[in-house]
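All of the numbers you see were taken from the coordinates with simple rules; none came from a lab. Please read all numbers here as calculations on a predicted model, not as lab measurements. Virtual Cβ from ideal backbone geometry, glycine too; neighbours counted across all protein chains shown.
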Amino acid sequence: MLSNLIRFDTTNPPGNERGAILWIKDLFERYGLEGRLYGRDEMRPNLIVRIPGRGNSQPIMVYGHVDVVPVEGQRWSVSPFSGEVRDGFVWGRGALDMKGPLAMYISALMNVFQRGQLSGDVLFVALSDEEGGGDYGARFLVENHPEIFEGIRYAIGEFGGFSIDVMGRRFYPVMVSEKQISWMRLTFRGQGGHGSMRHVDTAAYRAARALVALHERSLPVHISPVVRKMFSDMASHLPFSASVLLRGLLNPSLTDFILSRMGEAGRTFYPLFHNIANPTVLQGGSKINVIPSEVHVDIDGRLLPGMTPEDLIEELRGVIPVDFHAEVMRYDPYPADVDWGLFDRLKESLEGVDIDGKVIPLLLSGVTDGRFFKRLGIQTYGFTPMKLPPDFKFTRLIHAEDERIPVDALDFGVEVLTRFFSSGW
């Protein structure tokens, strides 16, 4: 199933998700389950399938996206849209993000549905355009067809439940919250004029000082409730010395010092304690012999849950040593509250399959379609269970060349999900 999904080139932009969506629709129809298409573009539809269960549990939503990011400029060992199975892996764009998890969801749901063991009704949703911002996918559905989701309180989707090894212990972080997009444009103004003259206080100079400051200085540390629980839970399962180190991260005066000495793990954990502001697009001037009086720097801002763009602008003013004007270009909020009602059932399902693993909550440093469903009061849990080899670079392979997923991880995910869907929630 995963190999077939990978062979649909759903690179976004432009998307062209229709073929993959129709293929999934046909798959469900083979089991007597009718799917409906909703979309603002016929080439970029979204699939809704209602799967009836025994009614012992409340309805739940299971969702994922079929679009993938581009492969241009990458050097692949295989064709990125081949879905080749080799050396114990399924290779191809989307193997991890997120055609692999979609294949796991569908396989587990069909296994349980066929046996008449599905504990409650499931609303299955296959989405377009997650990688492009969700305007054709989750955002479109939430804003134009909210009635589809009536009665849904919990959902599972990307990303979480993949194994990580910390100090010799295996943990499975399950996403319960995510950061917020806060894209903004910083405008720097300065002296303009003729390119043949020396100019000191230019807009380009001010922008350059800002870029250096963002590179060299950290934004303030924040300890959110989810991160506090995440690291406290992790510390409780580790030896004393490692436990002390992780608990030290929860002291804002020590956080950055400890992160700087944790190597790759520190780099991974850093965004969980800070708002992030990365310069991505620079614009200034249109003629080589004219000193521009304005330079624009676009910032990919990622806020901790509950914080606002105004909070980020204030933090930037505390770091950048020159004046600037800030314009918010896009803000997708994600509230700080978490509905923990499904967490223990997911934990039991996963730890029941891997008795040596420990499930912990996760604040995701990226964003998912969950931010749109949150507007309807739906709590998403990132639950794509995968037991991975300790040396498997999961986060580095997402969106990268030679993206692949271990076949064993797919089997593990189906086993955990089958246990969850059949045992009740």
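Here are a few things to note about the model shown:
- Mean separation of Cα contacts under 8 Å (6+ apart) over length of the range 327-425, as relative contact order %: 34 percent
- Environment charge at residue 189 (Cβ cut-off 15 Å; Lys +1, Arg +1, Asp -1, Glu -1): -1
- Whole-Hz ³J(HN,Hα) from phi, Karplus 6.51 cos²θ - 1.76 cosθ + 1.60, for the range 290-296, glycine and proline x: 10, 6, x, 8, 9, 10, 10
- Contour minus Cα-Cα distance for residue 9 and residue 242 (0.36 nm per residue): 79.4 nm
- Sorted peptide list for 309-321, 89-101, criterion being average Cβ within 10 angstrom, highest first: 89-101, 309-321
- Cα-projected label distance for residue 212 with residue 87, points at 7 Å along beta-carbon direction, nm: 4.4 nm
- Nearest-ten-degree value, helix 343-353 long axis tilted from longest Cα axis of the chain: 60 degrees
- For residue 46, net neighbour charge (Lys/Arg +1, Asp/Glu -1) across residues whose Cβ lies under 13 Å away: -3
- Other-chain or far-sequence residues with amide H under 5 Å of residue 364's (modelled H): 176, 177, 178, 179
- With a Förster radius of 25 Å applied to the beta-carbon distance between residue 41 and residue 376, the computed FRET efficiency rounds to 0.65.
- Of the peptides 161-174, 118-131, 215-228, the ranking by mean beta-carbon count within 10 Å, highest at the top, reads 118-131, 161-174, 215-228.
- Percentage relative contact order, the chain, counting C-alpha pairs under 8 Å, at least six apart: 25 percent
- Helix content alone sets the calculated 222 nm mean residue ellipticity of the chain: runs of n ≥ 4 DSSP H residues at -39500 (n - 2.57) each, divided across all residues, give -9000 deg cm²/dmol.
- C-alpha long axis of helix 225-235 to longest principal axis of the chain, angle in °: 70 degrees
- Peptides 332-341, 396-405, ordered by how many other C-beta atoms sit within 10 Å of their residues on average, highest first, read 396-405, 332-341.
- Whole-Hz ³J(HN,Hα) from phi, Karplus 6.51 cos²θ - 1.76 cosθ + 1.60, for the range 250-259, glycine and proline x: 7, 9, x, 6, 10, 3, 5, 4, 5, 4
- Residue 367 sits among other residues whose Cβ lies under 14 Å from its own Cβ, and their net charge, with Lys and Arg +1 and Asp and Glu -1, is -3.
- Eigenvalues of the alpha-carbon gyration tensor of the range 180-332, scaled by 5 and square-rooted, set the equivalent ellipsoid semi-axes at 39, 16, 11 angstrom, largest first.
- Residues of type lysines that residue 25 reaches as a straight line, Cα spacing below 27 Å, ignoring anything fewer than 8 places off in the same chain: 99, 374
- Taking amide H atoms as placed 1.01 Å from N in the peptide plane, the amide H of residue 329 lies under 5 Å from those of 183, 184, 185, each 5 or more residues away in sequence or on another chain.
- Net charge dipole, the chain: roughly 480 debye, given to the nearest 20, about the Cα centre with Cβ charges of +1 for Lys and Arg and -1 for Asp and Glu.
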